[in-house]
Every structure is written in structure tokens, then in C-alpha cells.
Amino acid sequence: MELMEFGWTGEKISRIGLGLWQISDAWGLTDYNAAKKVIETAYELGVTFYDTAIVYGDGLSEEYLGRVIKELGIRDNIFIASKIPGEYLARDDVYRAVELSRRRLGVDVIDLMQVHWPPLWHNIPTCEYMKVLENLVHHGIVRYIGLSDFPVELIDSARACLGYTDIASIQIRYNLVERDAEKEIIPYAVANDLVIIPWSPLAKGALTGKYTPDNLPEFEDVRRKEPIFHPSNFREVYKLVKVLEEVGEKYGKKPAQIALNWIIAAYPNILPIPGAKNPDQIKVNVGSVGWRLSYEDWFKIDQVSREVIIRRVIL
Ligand SMILES: NC(=O)c1ccc[n+]([C@@H]2O[C@H](COP(=O)([O-])OP(=O)(O)OC[C@H]3O[C@@H](n4cnc5c(N)ncnc54)[C@H](OP(=O)(O)O)[C@@H]3O)[C@@H](O)[C@H]2O)c1
């Protein structure tokens, strides 16, 4: 497994992580043994970064990850990232949320605790929750702090609340057909030596090549209302998928592997965390690291991807 440093922390982690939102009703991986196989396969293939959250399956994702860690005895070999939802950011709630996360995960220390999204509806001052997180770092309960789905202005304000540590990472929506993060957030992260953690790096499966405009299912999961899969958008996405297939043939790689490698090649310090529903998917996704697209192929994909516009307002 190719390794990378987790930004300024210097921690060595795998070049690709595993997203664990799939362990939830939203995605449907709710059978423990099936979920265990995915995590176990990822671990055997050298994945050391696991991204979960309190809201994934209302704690199920954390609980299953904790059970697998205990059964396999792998706590010391992996990096656990979880998230506190924007609703739980009042002072006491942060302490309680982290305590419950630790219990579900069955660990003393959480490696990266991210604020999942800003407190949109509860009027909690930014410094209130950032100072609690810093206090948890001081006590060794949380090792590093991360932000997720924050705009640059608020990231700046949040960092200014911290006295003796800094955030280590920024998690954002980013993939070949949703590239708005390139305008502000990614340049900010690069300039500030913060790790960029792109979520939905496979555009929720749209870039894998297994969905075509002719076989697009009526999704029953989180994708039911996902604009990427609206036929008018997906027809555009599919033009890019054909290019990923074409480039993939040169490298003996699948479209998903080309899509993930394109992200890794795009910036320093970027850590995609694709989700996987079964061991075969994680095997493919791990095959996206340890090599690089040529500059010419990277650029060709870049150009085609820029022509894809995902419209969220559909007329
Ligand atoms: N911070 C946030 O707000 C936020 C938001 C979203 C996600 N996340 C994190 O990011 C992770 C990844 O994002 P995501 O789950 O939304 O999307 P994603 O990683 O782009 O897509 C995952 C889905 O694509 C399909 N897939 C994955 N690998 C495949 C392969 N090799 N071949 C064919 N199909 C494959 C699977 O679904 P099917 O088999 O059903 O097609 C899988 O569930 C999540 O697990 C979560 O940890 C964070």
C-alpha cells in the first residue's frame, strides 16, 4: 500500500481511506458480517484510514467499526476519523457526543474528530465547540481536529479560536463531476498544509462505469434524489465515464480506479475515502493507488470533466 503523511501531523496513513457511511439505512450495508468483510478486506489490503460519523446509521457505523477493530485486534494499526453533527455543538453536547463515540468505537482515543457541518440552526458560537475540541486534544481524548463542509470564512474563524493546536484536515464534496471545491477550499487547504479529504470521490458510484443511461436504476437508497443520477445530468456524466473507460484500457484499470487516481494526482495532501458495499469494490478501489496517470491522460480527463455541469435545479 502506498502511504502518505497526514499533513502537518506527520502521521503515516494509507494513500486511500475507506468511507463508512455505507453502514447505514441510507446505503443499506446493515448486516454486521457483510460490513465486517468490507472492513477486514480493506485492512488486509493495507487501508489504515477509516472515516465514520455519529450520524451514519445513528451510531451503527461507529458501533460496527468498533466491533471489527476489537475482533481483529487492530486498534493500534489504524487511524479512526469520526464526526460530530452540527446539531451537537453546544459545549456539553460536544463532550457527551465524543464520550458516546468512544464507547461505540470501544476506544480510549479518537484519532481525528471532525465537525461534520457547521451549527446551522442552533446559533452556537464557533469558538464554543472549537475550544471544547481543543480541550479534548489537551486531555488526549482526541488526537486531531478536522472540519467538514465548512466554507473558507468559517474555517478561518474556527482556526482563530484555537490556542495551541490547529485543525489537521478539511473534508469536502469533491469528484470529477463536482469540482466547486477547487475554487476556494482546496487552494486554502493546500496553502495551509491541511489534508483535503474528498467525500463521494466516485460521485456515489456514477463514475464506476456500471451505471449507464440505459440501465439507470430507480435507486431506493440515498441516491433517490441525487441530481447526478437525474437522466439529464447523467447523460453528461456518462460521456466522461466513456473517457475513463478508454484511458483505463491503456493502464489495465477500471473507470473507478482512473477516477480516484485522477484525484490523487491532482493535489498534494489529498486523501479520497470511497465507500464500498462489498470486498470486490474495496479491492478495485485500493488498486487506484501505487501508480499515477501520465500528465497527458490526467489533462485529457481534466478537460472532459470540465464540460460536465451538474444542474441541481432541473427545469
Ligand atoms: N462529510 C460529509 O458530509 C460526507 C458526505 C458524504 C460522504 N462522506 C464520506 O465519504 C464516503 C464516500 O462517499 P459516498 O459514499 O457518498 O460516495 P462514493 O464513495 O463516491 O460512492 C460509494 C458507492 O459507490 C459504489 N462503489 C464504490 N466502489 C465501487 C467500485 N469499485 N465499483 C463499483 N461501484 C463502486 C458503491 O455503491 P453501489 O454498489 O450501491 O453502486 C458505494 O456505496 C462515505 O462513506 C463517508 O464516509 C462524508
Where the only charges are on Cβ atoms (+1 Lys, Arg; -1 Asp, Glu), what is the dipole of region 246-313 about its Cα centre, to the nearest 20 debye? 240
How large is Rg over Rh for region 18-157, taking Rg from the Cα atoms and Rh as the Kirkwood inverse mean of 1/r across Cα pairs? 0.97
What is region 152-241 by shape, rounded, prolate or oblate, if you read a ≥ b ≥ c off the alpha carbon gyration tensor as root eigenvalues and call it rounded for a/c under 1.5, prolate for a/b larger than b/c, and oblate otherwise? prolate
Student exercise, region 50-156 dipole from Lys, Arg, Asp, Glu Cβ charges, in Debye to nearest 20: 340
Determine, from the Cβ-Cβ distance of Leu154 and Met1 and an R0 of 25 Å, the FRET efficiency 1/(1 + (r/R0)^6), rounded to the nearest 0.05. 0.15
From the square roots a ≥ b ≥ c of the eigenvalues of the alpha-carbon gyration tensor of region 159-315, which class results: rounded (a/c under 1.5), prolate (a/b over b/c), or oblate? prolate
If you take the beta carbon distance between Glu236 and Leu100 as r and set R0 to 45 Å, what does 1/(1 + (r/R0)^6) give as a FRET efficiency, to the nearest 0.05? 0.60
Dimensions (Å) - region 131-178, Cα atoms, principal axes, largest first: 41, 21, 12
Inter-part distance where region 259-315 and region 125-172 are each reduced to a Cα centre, Å: 28
For an R0 of 41 angstrom, estimate the FRET efficiency from the Cβ-Cβ distance between Val313 and Arg91 and round to the nearest 0.05. 0.60
Set of region 4-38 residues, backbone N closer than 17 Å to the point 7 Å along the Cα-Cβ line of Glu44: 33-38
Give me the base-10 log of I(q)/I(0) for region 85-142 at each q in 0.31 Å⁻¹, Debye formula, one uniform scatterer per Cα, rounded to two decimals. -1.41
Check cross-link reach from Lys239 to the aspartates and glutamates: straight Cα distance under 12 Å, and skip same-chain residues fewer than eight apart. Glu307
Starting with the highest mean, order 18-25, 92-99 by the number of other Cβ atoms within 10 Å, averaged over the residues of each peptide. 18-25, 92-99
Answer rounded, prolate or oblate for the chain, using the Cα gyration tensor with square roots of eigenvalues a ≥ b ≥ c: rounded when a/c is under 1.5, else prolate when a/b is larger than b/c, else oblate. prolate
For every other residue with a beta carbon closer than 12 angstrom to the beta carbon of Glu153, add +1 if it is Lys or Arg and -1 if Asp or Glu, then tell me the sum. -1
Region 213-220 - phi-based ³J(HN,Hα) in whole Hz, Karplus 6.51/-1.76/1.60, Gly and Pro as x: x, 8, 10, 5, x, 7, 5, 9
May I ask you to compute the full-extension gain from Ala26 to Glu249, defined as 0.36 nm times their residue separation minus their alpha-carbon distance, rounded to one decimal in nm? 77.0 nm
With the calculation restricted to Cα positions, what are the radius of gyration and Dmax of region 82-211 in angstrom? 15.3, 48
Taking amide hydrogens as modeled 1.01 Å from N in the peptide plane, which residues meet the under 5 Å criterion relative to Glu2, leaving out close sequence neighbours? Arg15, Gly290
Two-site label geometry, Lys300 and His139: point separation in nm, points 7 Å out along Cα→Cβ: 5.6
How big is the Cα convex hull of region 16-73 in projection, averaged over all directions, in nm²? 3.5
The rounded separation in angstrom of the Cα centers of region 23-85 and region 182-221 is 20
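Just so you know, all these numbers are worked out from the coordinates, no wet-lab data involved. Just so we're clear, the structure is a prediction, and the values are computed from it rather than from any experiment. Glycine gets a Cβ as well: all are built from the backbone with ideal geometry, and neighbour counts include every protein chain shown.
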